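Read the structure below first, then the notes.
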Amino acid sequence: MVHKPLGSIVTPWGLGLMGTALLGLLACGKDAVPEDPPVCAESPRQTQVTGYLQCGATLDFTPVNSYRGEFADALAQEDAVVLIGGSCTGTLIQASAGPVVLTAGHCVNRGDRPLIVFNHEESPDGPDLLTEGTVIEQALEPDYALIRLDVLPAITPIPLTLETSDRLAIIQHPRGRPKVVAEGRFAGSCNRLVYYSDLDTLVGSSGAGVLNRRGHLLGVHTDGDCQENGRGTNRGWTSEVIVEASEYLVSEDLVGR
């Protein structure tokens, strides 16, 4: 199937819809990242960094449909990952009140009507699917937003989870580009944040889901301080704290509770 540029689609849905351990908060101290200063001792606002966040000497992105790494089976639901307004990433998540797109709060404002693009990929397994949505919740601490879609595609949403794993993955749209995967090491959880090392992101990756080995969403990527020398970590707010802050989401929406 020919991949259509986003601007060439006039009728967004005219083609039809195609259709382990529990995460406990580690003590804020020496166990978080052994080779670096303790990430848990840092305040999120003191070290917030935006922009180019490359972890290590190389930028390790793999186009989603050519990915064959250790998360291949877990990422079978990659269709749930979306490009938001050309500038951020989001994920269609399961919720008792109905699926919604979860992203970072700094990407949108409450009441906004962003354009949502499914299946924007280098080697797409279907057409780009576009719709709009309404931002029904938004906050900066925790940094999250929920978007209710005008049209819900025939795509399986991803569950939220409390369960972590030794390695994590992020499916993302860096700089609005076609969907890619990056993976790295779980570095700890503290101050309501999940930290991960050697896991690359760029501007546009904000709002992407941080996934465990099951492909469930452990948190939402928001910022970090990865460095090209391999030190530092990126981070996001945990699904647990987002559910606690949300009026739309409920505790039953968390797998592992």
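The values are calculated or read from the model by the stated rules, or taken from the named source; none is laboratory data. As the structure is a prediction and not an experimental result, all values here were calculated from the model. Positions of Cβ are generated from backbone atoms using ideal geometry, with glycine treated the same way; all protein chains shown enter the neighbour counts. Accessible surface is based on the protein model in full, side chains and every heavy atom, while ligands, DNA and RNA are left aside. Shrake-Rupley method; radii C 1.70, N 1.55, O 1.52, S 1.80 Å.
Close amide H pairs (under 5 Å, H built 1.01 Å from N) link CYS226 with THR233, ASN234, residues at least 5 positions away or on another chain. For region 211-257, what's the relative contact order in percent, using C-alpha pairs closer than 8 Å and at least 6 residues apart? The value is 26 percent. Computed over protein heavy atoms with a 1.4 Å probe, the accessible surface of region 152-257 works out to 30 Å² per residue. Normalised by the number of residues in region 114-257, the mean separation of alpha-carbon contacts (under 8 Å, six or more apart) gives a relative contact order of 21 percent.
Put simply, when 180-188, 69-77 are sorted by average Cβ atoms within 10 angstrom per residue, most first, you get 180-188, 69-77.
Under 5 Å between amide hydrogens, built in the peptide plane, is the criterion, and for ASP112 it picks out VAL135 among residues at least 5 positions away or on other chains. In the assembled protein chains, HIS106 presents an accessible area of approximately 80 Å² (probe radius 1.4 Å). Tell me whether region 79-176 comes out rounded, prolate or oblate; compute the Cα gyration tensor, take square roots of the eigenvalues as a ≥ b ≥ c, and use a/c under 1.5 as the rounded threshold. It comes out rounded by the Cα gyration axes.
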